[in-house]
Amino acid sequence: MKKIFLQLILVLVILNANATIRRVNNNPGVTLVAALVFADFTAAQTAAVAGDTIYIEPSDINYGSITVSKKLVIVGPGYLLNKNPNTPFDKRTAKVAGLAFGIGSSGSKVYGLDIKNPNGNYADIFFTTATSDIEIFGCIFNDLRSNGSNTNFFNGLLTNCFIVGSVRKASFTMSHSTIANNIILGFFESSDSDVIVKNNIIFGGIDYTSIYYNNIIYSTNVGNLFDLSPNVYNNVCVGCTGTPTNNNFFTTAQNTIFAVTEPRTLDDLEDDNFILAVSSPAKTKGIGGIDCGVFAGPKPYILSGIPPFPMITAFTQGAISAGNIPITISIKRN
């Protein structure tokens with residue numbers, strides 16, 4: 001069976017052939033291969049050179065905290081895999097107890113990680129230095145924050161993530177970046193007026209510093225900031241009252257936005273809870289008449305944060321015949 005799974009991995013490696021691809025797998029019984037297959041991320045990163053890809057594979061065992069110190073592509077399988085269709089046949093995720101971007105990490109791309117402590121609580125993504133061109137796609141985590149002074153998220157991209165906490169600006173400069181199609185259960189803060197925040201769902205309010213459009217934002221419109229900020233337009237504000245300007249839309253009917261009355265099921269998260277209701281007031285309120293929220297825009301939210309790489313969605317093994325084991329696999333790419 002281990003040989004079969006190795007062959008399946010090699011199929012995906014061939015389909016993804018780009019730079020050197022290294023694997024991290026801490027499952028008991030996995031055969032480690034010098035310079036290619038490792039039991040932990042640190043060893044894989046040490047062997048890697050800038051531009052390499054590291055796959056962190058599904059496991060029931062937490063991989064611990066990881067710090068990125070080279071320009072890498074890091075790929076996990078996604079999150080909430082047992083909650084949605086069209087996910088990998090292995091429903092386990094790649095859990096890491098924290099993700100840090102350090103010196104040398106600029107230009108890195110991270111996909112599909114389940115950032116969670118061994119105790120089950122979601123952990124943070126944080127920056128220990130100034131970075132540029134970081135892309136974070138399809139991860140589930142607690143906060144995005146700084147863990148030092150003079151840290152920077154410059155020309156970055158944060159998209160298709162499920163953020164259980166908040167995006168915090170304390171000691172953290174975010175500039176020339178795009179924040180798109182994320183579910184954010186906490187608040188969003190940024191430090192620069194050139195940050196584009198679009199097609200998100202933000203439950204904890206915003207700081208009105210950046211450019212906001214096509215979002216669903218829960219707020220009370222304190223100080224009429226929705227009305228006074230020209231960079232805040234074509235959003236739906238849930239909880240705001242008064243007469244909106246800049247093509248914003250106000251509603252206090254909180255239970256009419258999504259397909260379920262209360263989508264924030266913190267004890268049992270499901271990202272499909274955030275699909276708009278058929279008659280949601282968030283429909284057609286975005287720029288050009290598109291819907292507000294994460295399932296609209298040029299790159300709509302993908303359930304479970306499935307990375308844009310080939311994945312095995314089905315695997316069946318037949319009976320042994322004449323010494324052969326017939327297998328059937330289905331491969332899909334988002």
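Would you confirm whether or not segment 42-50 contains a residue that is farther than 25 Å from Phe126 by Cα and modelled with pLDDT of 95 or more? Talk me through it step by step, then tell me what you get.
Step one: of segment 42-50, the residues farther than 25 Å from Phe126 by Cα are none.
Checked against the condition, which is being farther than 25 Å from Phe126 by Cα and modelled with pLDDT of 95 or more, segment 42-50 yields no hits at all.
Out of the residues in segment 189-240 meeting the condition of being of a type in the set (D, E, K, R) and part of a loop (DSSP other than H, G, I, E, B), tell me which one is surrounded by the most Cβ atoms within 10 Å (Cβ to Cβ).
For segment 189-240, the residue satisfying everything is Glu189.
Looking at (1) modelled with pLDDT of 95 or more; (2) closer than 18 Å to Ile287 by Cβ, which is the one condition that is false for Phe203?
The failed condition is (2).
Applying the selection to segment 115-135, what residues are without any contact (Cβ under 8 Å) to a residue 12 or more places away in the chain and at positive phi?
Gly120
Given Thr265, Thr159, which one is closer than 30 Å to Leu80 by Cα, among the β-branched types (Val, Ile, Thr), under 19 Å from the mean Cα position of the chain (by Cα) and at pLDDT below 95? Talk me through it step by step, then tell me what you get.
Numbers: Thr159 fails: at pLDDT below 95.
That would be Thr265, the only listed residue that is closer than 30 Å to Leu80 by Cα, among the β-branched types (Val, Ile, Thr), under 19 Å from the mean Cα position of the chain (by Cα) and at pLDDT below 95.
Confirm whether Gly288 is part of a helix (DSSP H, G or I), over 25 Å from Phe141 (Cβ atoms) and at pLDDT 95 or above.
Working: part of a helix (DSSP H, G or I): yes; over 25 Å from Phe141 (Cβ atoms): yes; at pLDDT 95 or above: yes.
Answer is yes for this residue.
List the residue pairs whose Cβ atoms are under 8 Å apart, where the first residue sits in segment 53-70 and is under 18 Å from Asn82 (Cβ atoms), the second is among the hydroxyl-bearing types (Ser, Thr, Tyr), and the two are 6 or more positions apart or on different chains.
If the second residue must be among the hydroxyl-bearing types (Ser, Thr, Tyr), the pairs left are Pro58/Thr93.
Okay, residues lined up against (1) on the phi < 0 side of the Ramachandran plot; (2) free of Cβ contacts under 8 Å to residues at least 12 places away in the same chain; (3) among the polar types (S, T, N, Q):
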| residue | (1), (2), (3) |
| --- | --- |
| Asn234 | no, no, yes |
| Ile257 | yes, no, no |
| Thr261 | yes, yes, yes |
| Pro307 | yes, no, no |
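What do you reckon, is Thr87 surrounded by 24 or more Cβ atoms within 10 Å (Cβ to Cβ), in contact (Cβ under 8 Å) with a residue 24 or more places away in the chain, closer than 22 Å to Ser304 by Cβ and within 17 Å of the chain's Cα centre (by Cα)?
In short, no.
What's the total number of residues in segment 84-112 that are in a loop (DSSP other than H, G, I, E, B), out of contact with any helix residue (DSSP H, G or I) (no Cβ under 7 Å at 6 or more places or on another chain) and either farther than 22 Å from Tyr122 by Cα or not β-branched (Val, Ile, Thr) (or both)?
Qualifying residue count, segment 84-112: 17.
The values are calculated or read from the model by the stated rules, or taken from the named source; none is laboratory data. Just so we're clear, the structure is a prediction, and the values are computed from it rather than from any experiment. Cβ: placed from backbone, ideal geometry, glycine included. Neighbour counts: every protein chain shown.
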